[in-house]
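The values are calculated or read from the model by the stated rules, or taken from the named source; none is laboratory data. Quick caveat, the model's predicted, so the values are computed rather than measured. With ideal geometry, Cβ positions are generated from the backbone for all residues, glycine too; neighbour counts draw on all protein chains shown. The area values use the complete protein model at the heavy-atom level, side chains included, leaving out ligands, DNA and RNA. Shrake-Rupley method; radii C 1.70, N 1.55, O 1.52, S 1.80 Å.
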Amino acid sequence: RFDLEMVVTRRRRNFRRLSEALDGVVRVIGAPLAPGVCPLFVPIRVDDKPAMLRALARRGIDAIDFWGIGDAAAGAAEYPDAARLRREVLELPCHQSLDDDAIDFVARVVRETVAHA
């Protein structure tokens, strides 16, 4: 029921557009995309993930708390890199239903939020 080629093309385009718009503002993980990758979201690292998630939600952006809860057996002392990623990484939408205006809006809100942090 879906045009899979269109899905891949749009997601890659949206990922690239959002990543480029955020360059120098936040650290985008996984950019540039390897050939053939079909991204579900744009992962970024931020200093205050809860505050960023709240700010984005207030503006109608459905960002996701990526990997916010880890395995209790994998403590922060033993796995500090994993703990840091759980604290800092969130997902920004880049799915195929978003057009250029929506991607630009997400980028603008992220830039504004970081500037006011």
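A few notes on this one:
- Selected residue (criterion: farthest from S97 (Cα to Cα)) from residues of segment 36-59 that are outside any strand (DSSP E or B) and among the basic types (K, R): K49
- The set of residues in segment 33-61 that are surrounded by 12 or more Cβ atoms within 10 Å (Cβ to Cβ), of a type in the set (D, E, K, R) and within 13 Å of V109 (Cβ to Cβ) comprises R54, R59.
- Failed condition for T113, given (1) touching a residue at least 40 places away in the same chain (Cβ under 8 Å); (2) open to solvent by 20 Å² or more (accessible area, probe 1.4 Å); (3) among the β-branched types (V, I, T); (4) in a loop (DSSP other than H, G, I, E, B): (4)
- Complete set of residues in segment 1-35 that are in a loop (DSSP other than H, G, I, E, B) and free of Cβ contacts under 8 Å to residues at least 12 places away in the same chain: R1, F2, D3, D23, G24, A34, P35
- The residue of segment 67-107 that is surrounded by the fewest Cβ atoms within 10 Å (Cβ to Cβ), among those that are assigned to a helix (DSSP H, G or I) and in contact (Cβ under 8 Å) with a residue 60 or more places away in the chain, is D100.
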